[in-house]
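The values are calculated or read from the model by the stated rules, or taken from the named source; none is laboratory data. Since the structure is predicted, the reported quantities are computational estimates derived from the model, not experimental observations. Note: ideal-geometry Cβ built from the backbone for every residue, glycine included; neighbour counts use all protein chains shown. Keep in mind that these areas ignore ligands, DNA and RNA; they rest on the heavy atoms of the full protein, side chains included. Shrake-Rupley method; radii C 1.70, N 1.55, O 1.52, S 1.80 Å.
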Amino acid sequence: MKPISTFTVSPYIPEKLIRLREIAYNLWWSWNADARELFSRLDMDLWEETRHNPVLMLSRVDQETLNARVQDESYLFLFSKVLDKFDHSMSKVPWYNHENKYNHNLNIAYFSMEYGITESLAVYSGGLGILSADHLKSSSELGIPLHAVGLSYQYGYFQQTLNVDDWQEEQYPLNDFYNMPISVVKDKKKKELLVKVAFPGRTVYSRIWLAKVGRVDLYLLDTNIPKNNELDRKITSELYGGDTETRVQQELILGVGGVRALKMVDTPECICHMNEGHSAFSGLERIRNLVSGNGLTFYEALEIIKASSIFTTHTPVEAGIDYFSPELIRKYFSDYCREVKIDIEELLALGRKDPDAPGEFFSMAVLAINLSYKANAVSKLHQKVAQEMWKSLWPEALTQEIPIISVTNGIHHGSWVSQEMSDLFDRYLGPYWQVEPADAALWKKVEKIPDVELWHTHERRRERLVTFARKRLIEQYRNLGKTPSDISRVNSVLNTEALTIGFSRRFATYKRANLIFSDPDRLAKILTNKKYPIQIIVAGKAHPKDEEGKKLIRQILKFSHEEPFYRSITFLENYDMNMARYFVQGCDLWLNNPRRGLEACGTSGMKAAVNGVLNFSTYDGWWDEICQPGIGWSIGKRETYEDLDYWDKQDASTLYNILENEILPTYYDRDSDGLPRRWISMMKSSMKEICPIFNTNRMLIDYTANLYFPAAVRTTLMRENDFAASKELAAWKEKMREHWDSIRFLKIDAGSMDGLSVKSTLNVRAEIYLDVIQPEDVEVQIYYGKLDIHGDIIDGVLLPMSLISRADSNKFIYEGIISNWESGLNGYTIRLIPQHPALGNPFEDGLVHWFED
C-alpha cells in the first residue's frame, strides 16, 4: 500500500547531547577512535546490531538510555573530549593553507564509482572504493579543496552467504538512506535538488545525497525517485550490476550528472580527477558547457578540459576496462554530438585505441586518457605495466615515454590502525604521527617502544581476532542449521598463541587464494608440527559472475572441514571493512601472492604493516618498491612465466620453503622472557620503512605537487584572455595533423664510422623537408645506443639536434653531435616530434616521425 505522504521520525536527544547528531552525520567519526567509542558506549549491542551506523542507532536507541547517559559523568567527559577533537579538526589551519605555493585557483572534483568510507555506508565493493575513501579522508586532514562525486546504490554490493554445499550465494539487502550518515541536498527553499540527464526519448532525474567526510563533501546521486519510470529508478540499484547498457547509464549519471550536481551546489571551476574510467563522460559534459556557454568549438573546449583533467588507472588488464559498442554510444550521444557540432565518428574516435577503426568498441579508459592532461598508475611497477598496456595509443613513442606517470597508493592510518597500537604510538611517537604520517624521522621513534609492550599489544589483537573468528563461525553454523555438537566444536578452532596467517581480499583467480593449499600433504605437515603451531584465517568475496573465484572459496572451505586442517584453517563469510580491521590488526603474517604485474598496487599489506603485521608477498604492486631483508619475506625473484601451472608450482614451493625454514623458526625463537626478539625487531623495521611512505597523506601531497597544481596552472593559462591559448593551440594542432605526413627526411650524413672508439664523436647532419610547418613547431632528435640481438636500439639516449641553416623556404639543416658511447654494436636514428609551449606533452596527438629508408 502506497502512503499518502512520507516523513521521518527522529528520537528526542537531550540538550546536553544534542551534538551527537552532528557527529553522527559527519563521517569523521569513522576514523576517530574516541568518536566510535562514544557511540559504542551509548549502547554496545545496538552499535553492533546497526553495523556501526550512528544515525540508525540514534533513531532506535531507547529514550531511557539517552536519559541515563546525560547523568553519566564519564560519558559526558568523553562526549566533551570528542567535541573538542571534532571542532579542532574542522577549524585548524591545515597543511594546504600553509603551502601558499599551491593556492592557485585550485579546487578538485573527484569522481569515483565507489567509496568505502565505513561498513555502514555500503556503496563500495573493494579496493577501489577503500582507496577512494582514504583519498577523501586525507584530503580532509590536509585541507585540500576537494569535492567528491559518486552514486548511491539502493542495494550496494552484495552480502555473501555460504550454503551447505560450500558455494557462495549473494543477498542484496536494501540500503535505507534515510537512516544512514547522509542527507538530502536541498535548495534555499528546502526543496530537493534534482539533477536532470537526457536519455534517448526521456529525461532521467537524480536526487543528491550529501555525505560529510570531515571537511570534504561527497555527493552521491540516486535515480530511485518517483519522478523516474521503474527501469530508470533501477539505474543506481546495484554497484557493478545489470547489463552493459545499465553500465552506460550509470556512468552517464556519474559523469554527466555529477558535473551538473557540482554546478547546482555552486562548486567553483575545478580540476577534475577521474578515479578510473567510469566517470570519463564528465569530460564530455564539461566540453558541452564550454561550447554552449562560451561559444567555443568542440576542439577549443577540448584543450581546456584536457588541461584541467587528471586520470588515474587502477587496472593492469584489459578485462577490467569498460568497453561499449559503437551502437550503444550512438544511441546515447547522437544528440550530444549535434549539440557540440561534431560527427558521432569524431566522438567514437576519442574512445578507440585506433581512431580510424570504425568497428572498434568504445573504451572509457581511452576516453579518459584522451581527455586528460596527466594520467597516472598507482605504483611504479604498475606504471610500466600500464605503459605497455596502452602503448598502442602512442605507437611511435618509446615505451618509457608513454605519458603515464606513477603515484603509489597509500592508506589512511587512522582508519586502519588498532586502538591499542594507536595508544602505543601516542605514547612513544608523540601526538603527531597521525597529523604528519609521512615524517620518516617520527617513525624512527618506533624503536623506543619496549619490545614487551609491542608484543603484548599485538598478542591482545590476535586474541581478539580469534575470538571474532569463532563468533562469526558460530553464526555461520547456526545459519546453516548445524547441530549443537558441530557448533560446540568451534571453541576448539584456532589457537590464540599460534602464528596466524591472514588472507582476505577479493577472490579473483590471479590473486591465487589457493596457492598455499596447492600441496595438501606438505601443508598438513606444516600445520601439524606441534613445535611450530600455525593457522590460516581466510575471507573474501568472489564476483557474483566469477564461477572460478567461487570454486576457490569452495576448495578452501572443504579444507577447513577436514582433518588435519579443521582446527587451523578457517574461512569467514561476508568479508567487509569491519572484518578487514580485525584481520589486519590481529594477524602475525599477511599473505599476498598474486601473479606479478596483475596487482596494480594493493593496500591491504600496508594496513597490516601499520599494525605491526609482517608481509609475505610476491614482488607485485607496492611491495615491489619496498621489499628488503628484515621487514618481511618475498615469494619468487620478480620472474614471470608463460606456463601458469609451472609458475604456480614454483611460487608454491618457494612459499612453503620460506614458511618452514625462515618464518616459523624466527617466530618461535623465544628468549627467556618468552619474547620473539628477532620477530619484534622485524615488526619495528617494517613500520619504520613502510609507514612514512605508504600513507594517503604522502599520496595526496604527491597528487597536489605533481598533478593537481600543474593542472591548475595550465588551466589558468588556457582560460586567460578569452581562452586565447586554447583557441591558438587547437588551431595549431589542426595544422600539424593536416601537414604532418608531408614531412620528409631528404638526406642524413654522419661521415665515416670506421674505427670509432668510446672517446670518438659522431657529427650527424639531417636535411629535412617540413612543408608549411615551421622549425619552431618541431624538435628534431637523435636516438642512439647499443643494439640487441634483433638489431633494435635498446635503452637508447635522445639528443636534440640544432637548426644550423635553411636550405630553402621549407628545407632545413639540423646537426647533432654524439659523444657518449658504450663499447659494442651501436646505432642511431632520427625523429621529429611536435613542439609548442602550450602542449601538455609532445605525444598528445601521436605525431612522431621516425627516419625510414
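Residue-level check: of (1) touching a strand residue (DSSP E or B) at 6+ places or on another chain (Cβ under 6 Å); (2) under 24 Å from G127 (Cα atoms); (3) of a type in the set (A, V, I, L, M, F, W, C), A498 misses just (2). Looking across the stretch 316-326 at every residue that is within 16 Å of E276 (Cα to Cα) and in a loop (DSSP other than H, G, I, E, B), the one that is most open to solvent (accessible area, probe 1.4 Å) is identified as V317. Counting only residues that are modelled with pLDDT under 95 and over 23 Å from G597 (Cα atoms), the stretch 532-546 holds 2 of them.
Given the criterion closer than 26 Å to Y783 by Cβ and either touching an Asp or Glu at 6+ places or on another chain (Cβ under 6 Å) or outside any strand (DSSP E or B) (or both), identify the matching residue among I369, I342, I329.
Values: I342 fails: closer than 26 Å to Y783 by Cβ; I329 fails: closer than 26 Å to Y783 by Cβ.
So the residue among I369, I342, I329 that is closer than 26 Å to Y783 by Cβ and either touching an Asp or Glu at 6+ places or on another chain (Cβ under 6 Å) or outside any strand (DSSP E or B) (or both) is I369.
The one condition from (1) aliphatic (A, V, I, L, M); (2) surrounded by 21 or more Cβ atoms within 10 Å (Cβ to Cβ); (3) closer than 30 Å to P437 by Cβ that L371 does not meet is (3).
Condition test on R470, is it open to solvent by less than 70 Å² (accessible area, probe 1.4 Å), basic (K, R) and over 21 Å from A652 (Cβ atoms)?
On the way: open to solvent by less than 70 Å² (accessible area, probe 1.4 Å): yes; basic (K, R): yes; over 21 Å from A652 (Cβ atoms): yes.
In short, yes.
When L231 is tested against (1) closer than 21 Å to I329 by Cβ; (2) surrounded by 22 or more Cβ atoms within 10 Å (Cβ to Cβ), just one condition goes unmet, and that condition is (2). Taking the conditions (1) of a type in the set (D, E, K, R); (2) open to solvent by less than 10 Å² (accessible area, probe 1.4 Å); (3) at pLDDT below 95 in turn, D266 satisfies each one other than (2).
Give the number of residues within the stretch 296-315 that are part of a helix (DSSP H, G or I) and touching a helix residue (DSSP H, G or I) at 6+ places or on another chain (Cβ under 7 Å). Before you say what the answer is, go through the steps one by one.
First pass over the stretch 296-315, keeping only residues part of a helix (DSSP H, G or I): 298-307.
Then drop every residue that is not touching a helix residue (DSSP H, G or I) at 6+ places or on another chain (Cβ under 7 Å), which leaves 298-305, 307.
The qualifying residues number 9.
Would you call G156 without any contact (Cβ under 8 Å) to a residue 40 or more places away in the chain and either closer than 22 Å to N224 by Cα or in contact with a helix residue (DSSP H, G or I) (Cβ under 7 Å, 6 or more places away or on another chain) (or both)? No; evaluated as a whole, the condition is false for this residue.
A quick yes/no check of all residues on (1) of a type outside the set (K, R); (2) open to solvent by 10 Å² or more (accessible area, probe 1.4 Å); (3) in contact (Cβ under 8 Å) with a residue 60 or more places away in the chain; (4) more than 23 Å from E22 (Cβ to Cβ):
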{"residue": "K189", "(1), (2), (3), (4)": "no, yes, no, yes"}
{"residue": "K196", "(1), (2), (3), (4)": "no, yes, yes, yes"}
{"residue": "V204", "(1), (2), (3), (4)": "yes, no, no, yes"}
{"residue": "G214", "(1), (2), (3), (4)": "yes, no, yes, no"}
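Exactly one residue among E169, E119 is open to solvent by less than 10 Å² (accessible area, probe 1.4 Å) and under 30 Å from N479 (Cα atoms), and that residue is E119. In the stretch 758-853, counting only strands (runs of 3 or more DSSP E) that sit wholly within it, none holds 3 or more residues that are out of contact with any Leu (no Cβ under 8 Å at 6 or more places or on another chain) and in the same structural domain as L371 (by the TED database).
Quick grid of which residues meet (1) out of contact with any Leu (no Cβ under 9 Å at 6 or more places or on another chain); (2) open to solvent by 10 Å² or more (accessible area, probe 1.4 Å):
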{"residue": "S492", "(1), (2)": "yes, yes"}
{"residue": "G502", "(1), (2)": "no, no"}
{"residue": "Y510", "(1), (2)": "no, yes"}
{"residue": "L527", "(1), (2)": "yes, yes"}
{"residue": "V538", "(1), (2)": "no, no"}
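Would you pick out the residues in the stretch 544-560 that are in contact (Cβ under 8 Å) with a residue 40 or more places away in the chain and either open to solvent by 20 Å² or more (accessible area, probe 1.4 Å) or within 25 Å of N657 (Cβ to Cβ) (or both)? Spell out how you get there, then give the answer.
Narrowing the stretch 544-560 to residues in contact (Cβ under 8 Å) with a residue 40 or more places away in the chain: 544, 549-550, 552-559.
Correct list: P544, L552, R554, Q555, I556, K558, F559.
No other residue among D322, D343, D335, D354 is out of contact with any helix residue (DSSP H, G or I) (no Cβ under 8 Å at 6 or more places or on another chain) and either β-branched (V, I, T) or in the same structural domain as R247 (by the TED database) (or both) apart from D335. For N67, state whether it is closer than 21 Å to Y432 by Cβ, at pLDDT below 95 and part of a helix (DSSP H, G or I). Spelling it out, it is not the case that N67 is closer than 21 Å to Y432 by Cβ, at pLDDT below 95 and part of a helix (DSSP H, G or I).
Each row is one residue, and each column tells you yes or no for (1) in contact (Cβ under 8 Å) with a residue 24 or more places away in the chain; (2) assigned to a loop (DSSP other than H, G, I, E, B); (3) in the same structural domain as W443 (by the TED database); (4) at positive phi.
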| residue | (1), (2), (3), (4) |
| --- | --- |
| M606 | yes, no, yes, no |
| G612 | yes, yes, yes, yes |
| W633 | yes, no, yes, no |
| R638 | yes, yes, yes, yes |
| D645 | no, no, yes, no |
| I658 | yes, no, yes, no |
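So which residues in the stretch 43-61 are part of a loop (DSSP other than H, G, I, E, B) and open to solvent by 80 Å² or more (accessible area, probe 1.4 Å)? Please lay out each step first, then the result.
Applying the first criterion (part of a loop (DSSP other than H, G, I, E, B)) to the stretch 43-61 yields 43, 50-53, 61.
Passing the criteria: only R51.
Counting the residues of the stretch 399-441 that are open to solvent by 30 Å² or more (accessible area, probe 1.4 Å) and either among the basic types (K, R) or out of contact with any Phe, Trp or Tyr (no Cβ under 7 Å at 6 or more places or on another chain) (or both) gives 18.
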